[in-house]
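The values are calculated or read from the model by the stated rules, or taken from the named source; none is laboratory data. Predicted, not measured: the structure shown is a model, and the values here were computed from it. Note: ideal-geometry Cβ built from the backbone for every residue, glycine included; neighbour counts use all protein chains shown. Only protein heavy atoms, including side chains, enter the accessible area calculation; ligands, DNA and RNA are left aside. Shrake-Rupley method; radii C 1.70, N 1.55, O 1.52, S 1.80 Å.
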Amino acid sequence: MSYPATLILIMAVAVLAPLLAHAVGRWIRVPLVIFEIVLGILIGPHLLDWAHEDQLIDSLSDLGLSMLIFLAGYEIEFAAVRGDTLRRAVWAWLVALVAGLALALAVTGADVSKSMVVGTALTSTALGTVLPLLRDSGVLHGRFGTVMLAFGAVGEFGPILAVSLLLSGRDIGRSSLLLIGFSLVTAAALFWAMRPRPPWFSQVIAKTLHSSGQFAVRFVMLLLVSMLALSHAFGLDILLGAFAAGLLTRLVLHGAAPDSSTEVLGKVEAMGFGFLVPLFYVVTGIEFDLAALLDGGRALLLLPVFLLLFLVVRGLPAYVLAPRDLGRTDRKALALYASTCLPLVVAITTIGLDEKVLRTSEAAALVGAAMISVLVFPLLAQRSRAEVAGTGAPRESAVEEETW
């Protein structure tokens with residue numbers, strides 16, 4: 001099938017997915033991405049064989065992943081996640097990285113190259129997937145949402161850094177120097193973003209917000225592609241640039257046009273969640289090698305192993321190192337949300353396949369476990385918190401001032 005027909009089919013699936021999610025939602029709340037991925041598998045080469053990989057489709061899919069990471073970076077509120085909460089989130093991820101690499105060595109038979117890929121994938125958190133669930137349930141801006149933002153941000157940003165250092169194909173020393181160079185340029189950009197914008201900037205945003213000019217949206221996209229190009233120029237993963245672009249955009253918009261920032265974000269989210277992000281998830285399903293997962297007995301056995309490792313490697317440190325004011329129920333929910341992964345697992349396994357480090361069956365097992373994590377872990381987390389709320393019992397989590 002040619003790429004125009006494939007693109008039409010992908011968007012038809014993207015339209016069908018929320019309809020199915022809405023229909024099923026009367027009985028059980030299933031994350032939308034599950035329908036997008038499963039429908040992608042259905043129309044892919046291993047089932048109906050209607051849609052296939054294409055260079056243009058793959059490029060759009062990569063842009064969709066970048067948009068997903070960009071929107072996750074935009075959601076980070078420095079004033080809310082810094083201090084003790086951020087320190088605990090960083091320590092939890094570092095513990096997860098050490099544990100992930102160690103357990104990956106055991107699973108892969110001490111294959112160092114393969115362990116780098118698997119161990120890094122085990123430490124990721126799908127913040128971009130979890131955020132809409134938290135927003136829809138009304139807890140994003142509460143204490144639990146703030147903690148989840150911190151742990152999710154580190155779980156998103158940490159693996160991206162690890163990919164740039166450990167999976168770049170260069171020695172760690174050179175990769176570190178390039179990362180430092182990128183960080184210095186990004187720090188300068190952040191300093192620029194925090195400076196007051198001239199009056200004309202906010203005036204143009206307000207004047208073109210409902211016209212064909214759309215200055216603010218165009219400016220946001222310029223920031224995004226510029227940071228993607230910058231990370232590419234430094235030889236780093238472009239997702240690092242996408243995350244940095246999200247941070248920059250929030251600072252610029254909230255500083256220059258606070259009254260319009262919410263509406264501008266809505267327009268960017270419409271572009272992302274209306275086109276690019278669902279395209280990424282559907283293409284993930286199309287490219288998922290179902291045959292490799294089902295044909296090999298070892299791959300099928302690895303799937304539940306990886307699913308358990310997501311909980312052990314990522315969830316357990318989050319549970320143990322969660323802020324002291326979170327009770328047991330919220331700690332469990334935090335561990336489950338933190339163990340939810342997918343986008344970065346897809347990106348990391350793709351690197352492993354390109355470098356011929358991972359077998360196709362192993363990549364399918366990792367991605368398959370990540371897909372199940374998106375389906376199961378958020379549902380368990382939401383049910384756990386809902387049961388406590390439904391009993392009328394006092395929440396174990398109390399809102400306290402942050403320790404600075």
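The local environment of I69, defined by Cβ-Cβ distances under 13 Å, has a net charge of -4 under the rule Lys, Arg +1 and Asp, Glu -1. Fully extending the segment from R359 to S260 would add 30.8 nm, taking 0.36 nm per residue of separation and subtracting the current Cα-Cα distance.
3J(HN,Hα) along region 358-373, derived from phi through the Karplus expression 6.51 cos²θ - 1.76 cosθ + 1.60 where θ = phi - 60°, amounts to 9, 7, 4, 5, 5, 5, 5, 5, 5, 5, x, 5, 5, 5, 5, 4 Hz, with x in place of Gly and Pro. For the peptides 285-292, 215-222, residues were scored by their other Cβ atoms within 10 Å and the scores averaged per peptide; the highest-first order is 285-292, 215-222. With contacts taken as Cα pairs under 8 Å and at least 6 residues apart, the chain reaches a relative contact order of 27 percent. For K207, the aspartates and glutamates whose Cα falls under 20 Å of its own Cα, not counting residues fewer than eight places away in the same chain, are D259, E263. Label separation (R87 vs A23): 5.3 nm, computed from points 7 Å beyond Cα along the C-beta direction. Between V15 and K267, the modelled labels are 2.5 nm apart [label points 7 Å from Cα along Cα→Cβ].
Scalar couplings 3J(HN,Hα) for region 338-345, obtained by applying the Karplus form with A = 6.51, B = -1.76, C = 1.60 to θ = phi - 60°, are 5, 7, 6, 8, 5, x, 6, 4 Hz; x denotes Gly and Pro.
Using alpha carbons only, how many angstrom separate the centre of region 246-281 from the centre of region 1-48? Going from one Cα centre to the other spans 24 Å.
Rounded, prolate or oblate for region 1-145? Axes are the square roots of the Cα gyration tensor eigenvalues, ordered a ≥ b ≥ c, and the cut-off for rounded is a/c under 1.5. Oblate, because a/c is 1.5 or more while a/b does not exceed b/c. Whole-Hz Karplus values for region 111-126 come out as 7, 5, 4, 5, 5, 4, 5, 5, x, 5, 4, 5, 9, 8, 10, 7 Hz, taken residue by residue from phi with 6.51 cos²θ - 1.76 cosθ + 1.60 and θ = phi - 60°; glycine and proline positions read x. Using a Gaussian network model of the chain whose springs link C-alpha atoms within less than 10 Å, name the residue from S164, S137, S373 with the highest mean-square fluctuation. Per the Cα network of the chain with a 10 Å cutoff, S137 tops the list. Taking the 1.4 Å solvent-accessible surface of the chain as the whole, the part contributed by carbon and sulfur is 66%.
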